[in-house]
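Structure first, then comments.
The values are calculated or read from the model by the stated rules, or taken from the named source; none is laboratory data. As the structure is a computational prediction, the values presented were derived from the model and not from experiment. When we count neighbours, we look across all protein chains shown, and the Cβ atoms used for this are built from the backbone with ideal geometry, even at glycine.
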Amino acid sequence: MRYRWAVCGGAFLAAALGASLSADDKPRADAKDDALVKKGEYLVNRVGMCVDCHTPRNAKGEPDLAKSLQGAELGVAPKKKIKDWMDEAPDITKGGLAGEWGEDKMVKFLTTGLDPKGEKANPPMPQYRMNNDDARAVAAYLRSLPGGKK
């Protein structure tokens, strides 16, 4: 009988405590992850300008943000042929390279300039040399984007 009262009392206490906390008061386990993704969003969109190459253009020539970072044909080409020049930028969302490579391989790429096979990115992609924290933020942001088809 005591056991039943203890269980009922514990359940009542937990329910009362949960009801007394507003949504803002409840601890958020993912607050650190949210900050990391936000930093990555800034680095991708404002510093690295990844949208310029990795996002398809609409009829007005502007980035189609509904397909942000999902890969695109490049609108630039060198006057003289350059070996291994890429005509398309790949999808770098979770549905593309960020999902395929995972966090560790994406961080390696962003910190060393080398892909998972140990090769440099083809031009015009720059070889980034980010610090580990920035690279992890970029990877977190890219992996937060579901991606999709062009």
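Structural remarks
- When segment 119-138 is limited to residues that are outside any loop (DSSP other than H, G, I, E, B) and either at pLDDT below 95 or under 23 Å from residue 74 (Cβ atoms) (or both), the one that is nearest to the chain's Cα centre (by Cα) turns out to be 138.
- Selection status of residue 147, on the phi > 0 side of the Ramachandran plot and surrounded by 13 or more Cβ atoms within 10 Å (Cβ to Cβ): yes
To keep it simple, each residue is scored yes or no on (1) touching a residue at least 24 places away in the same chain (Cβ under 8 Å); (2) part of a helix (DSSP H, G or I).
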site: 72; (1), (2): yes, no
site: 84; (1), (2): yes, no
site: 89; (1), (2): yes, no
site: 98; (1), (2): yes, yes
site: 101; (1), (2): no, yes
site: 110; (1), (2): yes, yes
site: 116; (1), (2): no, no
site: 147; (1), (2): yes, no
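- For segment 101-108, the criterion of a residue being among the β-branched types (Val, Ile, Thr) and modelled with pLDDT of 95 or more is satisfied by at least one position.
Let's see how each residue does on (1) modelled with pLDDT of 50 or more; (2) in contact with an Asp or Glu (Cβ under 8 Å, 6 or more places away or on another chain); (3) surrounded by 10 or more Cβ atoms within 10 Å (Cβ to Cβ):
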| position | (1), (2), (3) |
| --- | --- |
| 2 | no, no, no |
| 24 | no, no, no |
| 38 | yes, no, yes |
| 41 | yes, no, yes |
| 44 | yes, no, yes |
| 48 | yes, no, yes |
| 54 | yes, yes, yes |
| 58 | yes, yes, yes |
| 65 | yes, no, yes |
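- Residue in segment 97-118 that is small (Gly, Ala, Ser) and over 15 Å from the mean Cα position of the chain (by Cα) present: yes
- Within segment 59-84, tally of residues that are among the basic types (Lys, Arg) and within 29 Å of residue 41 (Cα to Cα): 2
- Segment 38-67, residues that are touching a residue at least 40 places away in the same chain (Cβ under 8 Å), in a loop (DSSP other than H, G, I, E, B) and out of contact with any Gly (no Cβ under 9 Å at 6 or more places or on another chain): 48, 50
- Test for residue 76: is it within 15 Å of the chain's Cα centre (by Cα) and β-branched (Val, Ile, Thr): no
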